[in-house]
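Here the structure comes first, spelled out in structure tokens, and everything after it is commentary.
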Amino acid sequence: AQSVSQHNHHVILSEAASLELGCNYSYGGTVNLFWYVQYPGQHLQLLLKYFSGDPLVKGIKGFEAEFIKSKFSFNLRKPSVQWSDTAEYFCAVNAGGYNKLIFGAGTRLAVHP
Amino acid sequence: DGGITQSPKYLFRKEGQNVTLSCEQNLNHDAMYWYRQDPGQGLRLIYYSQIVNDFQKGDIAEGYSVSREKKESFPLTVTSAQKNPTAFYLCASSMPGTTYEQYFGPGTRLTVT
């Protein structure tokens, strides 16, 4: 069965620190990859997505992610986090052309001023 | 203003009662989904519907039921058979045949005592 692993469940950073959140998936074929973010009290919203083409994807608010097919990974990065980045981040995969997303368990990020 | 609405935001029920959560979308999306979000477990798919009058079980359908009589609406009933119903429930929609990006509603927090 397809699955998504997010290795960091809780991350605590100071403002201006760099961020990298890991995401690995298990599926050997074509995938669409997503990072969603859930700010406190807000809707789950799309941060960025990979569909095809350039494996380095840029999203909103300075986030980016790199799809590395050989490693089945889609790690999320931001060079300098802000307090407002405090949120829960979810990696998700659509695989096999089915109209479903498989979500990881999420990573809670807390950024301290 | 297009989007997904879920009501109510908070819902309280006594054990043994069925309860129906509302989800409406005006995005003209064909596909709709229900997820359950629990701390540390990410989003788990309960049911999904790709078209009116059709729906499929997700990974944790036991104790839940849905209907899809209209394109805009996908209500979820949490039955008394659901052993652990207290959770945050998210509704989403997407347009099949695209990048499978899903749009989420604000969620309903259900507490059963």
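The label point for B:T113 and the one for B:S73, both projected 7 Å from the Cα toward the Cβ, are 3.1 nm apart. Across peptide A:34-41, the mean count of Cβ atoms from other chains lying within 10 Å of each residue's own Cβ comes to 2. For segment B:1-74 versus segment A:43-105, the inter-centroid distance based on Cα atoms is 24 Å. Label-to-label distance for A:K61 and A:Y27 is 2.5 nm, based on points extended 7 Å past Cα in the beta-carbon direction.
In segment A:1-87, inverting the average of 1/r over every pair of distinct C-alpha atoms gives 13.7 Å as the Kirkwood radius. Would you tally the net charge around B:Y89, using a Cβ to Cβ cut-off of less than 10 Å, leaving B:Y89 out, and scoring K and R as +1, D and E as -1? Neighbour charge sum, excluding B:Y89 itself: +2. For segment B:63-107, the residues whose amide N sits under 16 Å from a probe point set 7 Å from the Cα of B:V52 along the beta carbon direction are B:67-75.
Put a dot 7 Å past the Cα of A:S14, heading toward its Cβ, do the same for B:Q17, and the two dots end up 5.1 nm apart.
Among A:Y25, A:Y50, A:Y39, the largest mean-square fluctuation in a Gaussian network model of chain A, built with springs joining Cα atoms closer than 10 Å, belongs to A:Y39. In percent, rounded to a whole number, the relative contact order of chain A is 38, using alpha-carbon pairs under 8 Å and six or more apart.
In terms of distances greater than 20 angstrom between alpha carbons, the cross-link table entries A:K100/B:K57; B:K14/B:K57; A:K49/B:K70; B:K9/B:K71; A:K49/A:K100 yield B:K14/B:K57; A:K49/B:K70; B:K9/B:K71.
Readers should treat all values here as calculations from the given coordinates under stated rules, not as data from a laboratory. None of these values were measured; they are calculated from a predicted model. Positions of Cβ are backbone-derived with ideal geometry, glycine not excepted, and every protein chain shown enters the neighbour counts.
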